[in-house]
Each structure stands twice: as C-alpha cells, then as structure tokens.
Amino acid sequence: MGVMDFMKKGIGYMKLAFEKSTIDEDRIEKLIIEHRNSKNVEWMRIGDNYYSVDNDILTKTDNKKTYQANSKLAHANYKSMVDEKIGYLFSKDSSIHAETDETTNVIVDKLGDNFNYDLESLGFEASNKGIAWLHPYINEKGEFKLFVANSEQIIPGWTDSTHTELEYVIRYYNVRVYRFGRYETVTNVELWTPTEVTYYRLENGKLINPVKMGHFKLNGIDTGWGAVPWIAFKNNRKELPDIKFVKSLIDNYDLSRSEVANYIQEVKNLIFVLKGYSGDSLDDFLEYIYQKRAVVLDADDESDVTTLNPQMDINAAKEHYEQVKKDILEGGQAVDKNLDRFGAAPSGVALLFLFSSLELKANQLESEFSRGFNNLVNFIYLFLEKTNNAIKREKVEIVFNRDMIMNETDIINNCNSSRGLVSTDTILANHPWVRDIQDEKEKLAKETFDTVGMIDTNEE
C-alpha cells in the first residue's frame with residue numbers, strides 16, 4: 001500500500017469514526033463539570049463582574065484597623081470601554097442588503113423588529129465573555145424567532161480547530177422550581193444535534209428523565225433543521241473577552257487611586273509622639289483617639305503628647321495612576337477623549353486618528369459578526385424552504401453603520417463628490433443623516449415620482 005493510499009484510508013477511517021460518533025450521557029456529565037471549572041467560564045464571570053463595576057478591589061482582604069483609612073475605589077474604566085465599542089458599532093441600526101430588494105425585504109421581515117436590539121445584546125455578551133450564542137427557533141405559531149443565551153450556559157462541540165462547524169451544543173442552566181412543598185434550584189440540560197434535541201434534568205451529577213424531540217413541529221410532525229441551531233458570534237478570532245487585555249491594569253489603577261485616597265484621609269490624622277504613656281498598646285491609644293479625640297495621661301512631669309504632620313508625594317502617585325489610565329486606554333483600544341492635541345473642533349483627519357484604535361477593535365467584532373450573520377441567513381432560508389415559502393438564495397450582507405463623531409461638512413461634501421463613482425446605496429450608507437438606507441431610498445423615489453407627476457400635470 002502506497003503512502004497516498006494509506007493516507008486516503010486513514011482519512012476514510014476518520015470520516016467513518018466521525019459519522020458514527022455519538023455523545024453519551026456520561027460524556028455530557030463530564031463536559032459540564034469541566035466547563036464549570038474552566039478558565040473560559042471564569043473569564044466570562046470576570047467580564048460580567050467588571051462591567052457591573054464589581055472589581056476585585058471591592059473584595060480585597062487586608063488587616064486594616066478601624067482607625068485606619070481603608071478606601072476601596074472601583075472604577076468603571078472597563079464598562080466605559082465596552083459601552084463605547086457597542087455604541088460605536090450598534091447604536092445606529094444596521095443595514096441589510098441582498099442582490100434584490102424582494103429578497104432584502106423577506107430577510108428583514110424574518111429577522112423582526114428587534115433584530116438590532118438582538119445584535120446589541122450579542123455585542124455586549126461577546127465583549128464581556130469572548131463569544132455570544134444566538135438560537136434560531138420556530139415558535140408554536142410557526143414564526144421564525146431568535147433567542148440570545150448566556151454564554152456561560154453553552155458548551156459547543158466543534159468539529160474543527162478553527163471553530164467553524166458544530167457537531168453538537170450542550171446548554172445547561174439553573175431554574176427555580178416548586179417541589180415537595182418548597183422552592184429549590186434545579187439544573188436543566190439540553191443536548192442539541194443537527195436533527196433533534198434531548199432534554200435532561202441534572203441531579204447529583206447525573207442526567208435523568210431524558211426527553212427526545214425534534215427541533216420544532218411542522219404540521220404536527222417533529223422536524224429538525226439539518227444543522228445545530230446555535231450560532232456563534234465571536235468577539236475576536238481567539239474568542240477572548242475585552243477584560244482579558246486590561247484587567248491587571250484596572251486592578252492597579254483601582255489600588256493606586258485607593259491608596260491615594262487613604263493618604264489624603266490620613267493627612268488629617270496627626271502622628272502622635274508619646275512620652276510617659278501608660279496604655280497597654282499603641283493600637284489602644286489610636287483606637288481611643290479615633291473614638292474620643294482625646295487621651296488621658298498619668299500625672300507625671302515626663303508625660304506628654306506632641307504631634308507631627310505627615311507628608312506625602314502626591315505628585316508621584318498622580319503621575320503613576322495617570323500613566324496607568326493611559327495604558328488602560330491603549331490596551332483596551334479605547335478613545336482617548338483628551339482633545340488637547342487636536343483642539344476644540346478636530347478635523348476629519350484628526351478624528352480618524354482619534355478613533356483609529358477603536359476602529360481596529362470594532363473591525364474585529366464586525367468581521368466575526370458578519371460570519372455569524374451569514375449563518376443566521378442560512379437558517380432563514382432553511383425556514384422558508386421547510387415552510388414551503390422557498391426563495392432563490394442570494395448573497396446577503398449586513399452593514400454596521402458606525403456612530404463616530406465626525407466633521408459632517410467634510411462627509412457630506414465627499415458624498416456629493418462621489419455621485420456617479422459609487423452606488424447610491426454606498427453613498428447613503430456613509431451619509432451622516434441617513435439611518436435606514438431602504439427607507440431613505442423609498443423617500444427619494446417618492447419625491448422623484450411626486451416631482452415628475454407635478455411637471456407632467458403642468459404640461460397638460
């Protein structure tokens with residue numbers, strides 16, 4: 001047997017093994033344990049915490065006495081960066097284009113009125129957790145719907161190292177139920193394959209009560225999508241959350257600012273120089289001063305209390321945390337809103353430079369979200385085919401209309417200068433006053449029709 005024949009046979013064996021592979025209950029139980037304790041899930045929780053400004057500084061343990069300043073300042077640097085990125089990319093409604101207006105209208109209709117809100121939710125989820133998951137489903141009324149899940153609930157079974165194809169998805173989540181006369185928390189588990197879904201209850205680490213069903217019902221018959229109905233929307237190629245790149249810097253910033261706050265509070269507390277103090281300990285003395293603002297000394301000529309004013313280098317501390325703040329902005333690819341370098345009204349070129357880091361970060365998210373959107377469109381086509389409303393499959397694109405501070409005059413002049421060089425859709429997509437391209441085209445068409453109608457009427 002030649003090398004090529006051997007390789008072909010090996011590939012054949014691998015393909016056969018994959019086709020026959022199944023995920024059993026024992027494997028699901030082990031995967032859930034591994035997932036709960038994984039670094040990925042830990043970072044998801046950290047991302048959630050820091051977006052809620054529940055920074056590590058708030059739970060930092062120390063041995064401070066009651067009379068000692070103990071500031072714990074948690075800053076919202078990370079929340080601001082995530083809000084900035086999501087607002088930049090999703091605050092304006094996205095534009096969807098197919099090769100024909102008819103297909104565009106069908107796709108937009110199936111996505112529903114809340115699709116841009118869903119996109120924004122996916123953006124927050126992906127930014128904080130590295131990956132977001134969208135579940136397309138058909139409800140009891142036979143309507144195409146979308147559901148954004150909590151990412152830490154999802155265990156993907158990828159078939160490839162690049163994480164493009166799914167063999168299965170496991171979803172597990174806790175719910176409150178009323179059983180045996182009291183409320184308790186139970187864990188539900190779902191196993192999704194290309195053809196069906198199996199529901200379990202997880203108790204004492206074991207799966208029980210399996211119920212196997214199709215993905216949905218058509219004419220009363222269990223039916224499957226033919227693909228795992230879960231779509232990944234990644235934050236970046238590595239599926240890393242934004243907090244991963246700035247956490248240590250934010251922790252240091254919180255600590256530095258807290259220490260400066262402590263120093264400032266301690267400045268008003270004098271340093272006491274004691275002579276002939278008969279107390280048990282200095283801690284007792286300071287605690288008494290803290291509570292009573294006075295001290296009793298023995299009637300001794302040598303007994304005395306004097307004070308010193310503590311000094312601190314506030315400038316050095318300020319320089320440190322200001323540098324850390326700059327490092328956070330750089331590491332988080334955020335906009336430095338200090339406009340001293342550009343003046344009160346930056347030019348278009350200056351604004352592009354100002355937004356360059358944010359633009360790079362947004363481009364990563366846009367690239368991954370475009371891939372996710374393509375998968376979503378495929379499920380819409382599948383839905384139309386399965387409900388006997390099939391249409392010709394066309395390439396469908398989504399355009400994320402960025403909400404950047406801009407010099408509107410420059411942009412409008414560029415749009416006017418581009419007439420005849422690029423399409424009307426492209427010009428409208430880049431015009432600062434246009435939010436909905438399709439709606440704007442309809443308004444322009446109506447205005448043109450009305451104008452032509454008026455001219456014709458006058459001529460008659």
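Of the residues His163, His75, the one with the fewest other Cβ atoms within 10 Å heads the list, and the complete ranking is His163, His75. For the stretch 126-165, the alpha carbon positions stretch 37, 25, 14 Å along the principal axes, listed from largest to smallest.
At each listed q (0.13, 0.16, 0.18, 0.19 Å⁻¹), what is the log10 of I(q)/I(0) that the Debye formula gives for the stretch 91-216 modelled as equal alpha-carbon point scatterers? Calculated log10 I(q)/I(0) at the listed q: -0.73, -1.04, -1.22, -1.29. Here's the picture: charge each Lys and Arg Cβ at +1 and each Asp and Glu Cβ at -1 in the stretch 31-184, and of Phe124, Ile86, Asn40 the one pushed furthest to the positive end of that dipole is Asn40.
Would you please name the chymotrypsin sites (Phe, Trp or Tyr not before Pro) within the stretch 108-203 that are DSSP coil residues with at most 11 other C-beta atoms within 10 Å of their C-beta?
Here the chymotrypsin sites (Phe, Trp or Tyr not before Pro) that fit, given the DSSP loop and packing criteria, are Phe180.
The string of couplings for the stretch 140-145 from the Karplus curve (6.51, -1.76, 1.60, θ = phi - 60°) is 5, 8, x, 9, 7, 9 Hz, one whole number per residue in order, with x for Gly and Pro. Over the C-alpha trace of the stretch 217-262, radius of gyration and Dmax come out as 23.0, 69 angstrom.
We did not get these values from a lab; they are worked out from the coordinates using the rules stated. Bear in mind the structure is a predicted one, so any value in this text is a computation, not a measurement. A quick note on method: Cβ atoms are made from the backbone with ideal geometry, for glycine too, and the neighbour counts reach across all protein chains shown.
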